[in-house]
Amino acid sequence: MSSLDVIGVIMAGWGSNNKYSLIGGLRAAAQMISYELPLMLALVGVVMLTSVLAGTPGYSGTATIGTISIKQIMSFQNAAAWPGKGIPFFDFVFMGNTPWAWFFLVQPLMLLIYYTCGLAETNRSPFDLPEAESELVAGYLTEYSGIRWGLFFLGEYGNMTIVSAIATTLFLGGWAGPGVAYLTQSGMAAGWVILGNLLGIAYFIAKVYLLCCVFIWIRGTLPRLRGDQLMQYAWLILIPVTLGNILLTGLIYLAVSSLGLSNLVFLIVAGVINWALLFGFIRLVSRVTVASTRHAQAPALRAVAQRRAAQLPEQIEAAGGGK
């Protein structure tokens, strides 16, 4: 469903009868198609985790068969045991709300990649090249104003909310929070059930709102990428990393299961390795960004150096303010 916005962007640029808008629409389509691939691959790790946990004690489903059901994925992020089980206070806090079982702790790198691809899919900074005013006026929005212009941005912010909602559901436990499962369990009075459902809605909206705030925070923090950096980041970094994560997760499970160890050991080992890969990925991206920026700036820097070398000493002193 998220790929349908590609058609709308291309038609918007083509229908403007403006060649700059058409180019902006085509560039937006290339960006969206490129980042849809790692976006989907980042979610494969979550499905693999559900296939590992399915059918084991405390988890529903058939053994070794994963699920793509949103409700079941949220249920897989709830542990069957918690400290103080049987004590009403601890049951109220931890029943259906076990943050240590959220998939974010096992696949943090995939959450980062999914969220990054969501930024690119919604054309948000630093991936807002389709709307780069300095290059293509305002991209595919050039000829639109009024309610038509507003509908485009309404769709952008709606897509931003959808990305945050999916990330909340698959990695952050969805509507899980203190009191939800306890108040909505069978046998509770209707008033408590309604209160529990309202609490679940409030927790879910709070998590989505937090991720949307990160969207806005990034827009005011990071500079816009160049076109070559944007495409290289998707095809040369994100796709290999997501494919490698799928392979590594499978290898870890095979190694742990062959040793006869429990799924808890698998989750801990996979989580520790994924967190290490997360920090390595951040360091890799920073080094690649600096290297590509210096490579792009090299011709201009060489031209400036040659021009300064051709100047007379007194001209250099005058240009430097007499220092």
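Computed from backbone phi, the HN-Hα couplings of the stretch 53-63 come to 7, 4, x, 7, x, x, 10, 7, x, 9, 4 Hz, rounded to whole numbers (Karplus: 6.51 cos²θ - 1.76 cosθ + 1.60, θ = phi - 60°; Gly and Pro given as x).
Rolling a 1.4 Å probe across all protein chains gives Ile33 an accessible area of roughly 90 Å².
Rg ratio for the chain: its Cα radius of gyration over 2.2 N^0.38 Å, N being its residue count, equals 1.26. Report summary: the helix-based calculation at 222 nm, which adds -39500 (n - 2.57) for every DSSP H run with n ≥ 4 and divides by the residues of the chain, gives -23000 deg cm²/dmol. Of the residues Tyr115, Tyr20, Tyr35, the one that moves most in a GNM of the chain with alpha-carbon contacts below 10 Å is Tyr20. Across Leu230, Leu259, Leu151, mean-square fluctuation computed from a Gaussian network of the chain (C-alpha pairs under 10 Å connected) peaks at Leu259. The Cα atoms of the stretch 1-155 define a convex hull whose projected area, averaged across directions, is 12.0 nm².
Averaging Cα coordinates gives a centre for the stretch 219-289 and one for the stretch 39-92; these two points are 22 Å apart. Of all the options Met231, Met110, Met32, the one that moves most in a Gaussian network model of the chain with Cα springs shorter than 10 angstrom is Met231. Once the convex hull of all Cα atoms in the stretch 175-251 is built, its volume per residue stands at 142 Å³.
Across the accessible surface of the chain, with the other protein chains kept in place and a 1.4 Å probe, carbon and sulfur atoms take up 71 percent.
Our analysis of the stretch 1-53 gives Rg over Rh at 1.26, with the two radii drawn from alpha carbon positions and Rh computed by the Kirkwood formula. Using alpha carbons only, how many degrees (0 to 90, rounded to 10) separate the axis of helix 190-219 from the longest principal axis of the chain? Tilt relative to the chain: about 20 degrees.
Against the compact-protein benchmark of 2.2 N^0.38 Å, the Cα-based radius of gyration of the stretch 165-303 scales to 1.54.
The share of Cα pairs per 10 Å bin across the stretch 124-219, counted from zero up to the longest distance, runs 15, 30, 25, 16, 10, 4, 0 percent. Principal-axis analysis of the Cα atoms of the chain puts helix 239-258 at an angle of about 30° to the longest axis. Largest accessible area first, the listed residues Tyr157, Tyr114, Tyr203 line up as Tyr157, Tyr203, Tyr114 when surface is computed with a 1.4 Å probe on the assembled protein chains. For Lys71, the accessible surface of its heavy atoms amounts to roughly 140 Å² (probe 1.4 Å, protein chains only, rounded to the nearest 10).
With protein chains left intact and a 1.4 Å probe, residues in the chain average 54 Å² of accessible area per residue.
Which angle between 0 and 90 degrees, to the nearest 10, do you get for helix 4-15 versus the longest principal axis of the chain when only C-alpha atoms count? Between helix and principal axis, roughly 30 degrees. The Leu222 and Ile33 beta-carbon pair, evaluated with R₀ = 22 Å, returns a calculated FRET efficiency of approximately 0.45.
The values are calculated or read from the model by the stated rules, or taken from the named source; none is laboratory data. What you see is a predicted model; the values in this text were computed from it and never measured. Because the Cβ atoms are built from the backbone with ideal geometry, glycine has one as well, and the counts that use them run over all protein chains shown. Surface accessibility is based on the protein's heavy atoms, side chains included, excluding ligands, DNA and RNA. Shrake-Rupley method; radii C 1.70, N 1.55, O 1.52, S 1.80 Å.
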